[in-house]
Ligand code: GUN
């Protein structure tokens, strides 16, 4: 970024003490340091009000040295999350959560794309997995992952089905997928009866397992995981049951699959926002 004359700047807002969020934010700040992005962290108390957060965001919107603003979710229950996300300047919305960026994505215009969905597409692209004309099934309809990844797959000419808790005969619908994206937030829910043999399976779930029975259901006989479980009392598991790796054509691991790509795409979006804001990248080329 020497051509721009100044490092891109990232502000991360982490409200309260959600342990998972603290881990994620640590990873994001560390990655920023590694790639040379300037970062600042704000840690309002668990009791923070919507008004307090809005004034913090407004002050960050007004700072010329801050190119990207990330509000780590979930926010505490008393906070109006939608209002907070609406207040982030769309040009600094490196999570791609502002309705302006959601609209740009759904109408195939250049904008800032949510990081985890963008990371999923990057994995598919770099693994040479064909997308156009393929059946893609997305399990989960969140604003953060399910909906935007469905939109990206649709924009890449897949035939997309979005499933959720009310979907009838979920295993049969999932079995249609040449590409199956699991973003439900339930450990090991996608068992082999959900998966077409040879399908590409992308596991977006990150679930902490501390219940021994649940551990056994997922990892019985896996010596490495058993050792980790004994040592730490918990392990991470995806939404896809490990048995699926025996019949999938390709599958992402948890941890170490989609997670690192989410962080990489956050770095990418921060640099992109910095370039766009400084006129080094015409929005239509972004
Ligand atoms: N919480 C879970 N995933 C995300 C994410 O991608 N961005 C933010 N800001 N919060 C999250």
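FYI, it's all coordinate maths here, none of it is from the lab. In this text the structure is predicted, and so the values were computed from the model without any measurement. Glycine also receives a Cβ, built like all others from the backbone with ideal geometry; neighbour counts cover every protein chain displayed.
Give, in nm to one decimal, the length gained when the segment between residue 191 and residue 278 is fully stretched (0.36 nm per residue of separation minus the Cα-Cα distance). Each step should come with its number before you reach the end.
On the way: separation 87, 0.36 × 87 = 31.32 nm, distance 4.78 nm.
Working it through step by step, the gained length comes to 26.5 nm.
Please state the relative contact order of region 82-141 as a whole percent: Cα pairs under 8 Å, 6+ residues apart? Please report the intermediate quantities before stating the final value.
Details: 37 pairs, mean separation 13.2, N = 60.
Across region 82-141, relative contact order equals 22 percent.
In units of 2.2 N^0.38 Å, what is the alpha-carbon radius of gyration of region 9-97? Could you put the intermediate results ahead of the total?
Values: Rg = 12.2 Å, N = 89, 2.2 N^0.38 = 12.1 Å.
So region 9-97 has a normalised radius of gyration of 1.01.
For the chain, give the share of DSSP beta bridges that are antiparallel, in percent and rounded to the nearest 5; count only bridges with both residues there. It would help to have the intermediate numbers written out before the result.
Numbers: 3 of 28 bridges.
Antiparallel bridges: around 10 percent, rounded to the nearest 5.
Just report the Cα centroid separation between region 134-159 and region 31-46, whole Å.
Result: 30 Å between the Cα centres.
Taking 7 Å along the Cα-to-C-beta vector as the label spot, tell me the residue 127-residue 234 distance in nanometres, rounded to one decimal.
2.7 nm
Output needed for the chain: three equivalent-ellipsoid semi-axes, defined as square roots of 5 times the C-alpha gyration tensor eigenvalues, in descending order, whole Å.
Working: eigenvalues 212, 108, 62 Å².
Square roots of five times the eigenvalues give 33, 23, 18 Å.
Within region 130-148, name every residue whose backbone N is under 14 Å away from a label modeled 7 Å from Cα of residue 54 along the Cβ vector.
Answer for region 130-148: none.
Would you work out the relative contact order for region 165-266, in percent, from Cα pairs under 8 angstrom that are 6 or more residues apart? Spell out each step's value before the answer.
On the way: 177 pairs, mean separation 33.5, N = 102.
Relative CO of region 165-266 lands at 33 percent.
Sort out for me the Cα centre separation of region 71-94 from region 186-223, rounded to whole Å.
Going from one Cα centre to the other spans 31 Å.
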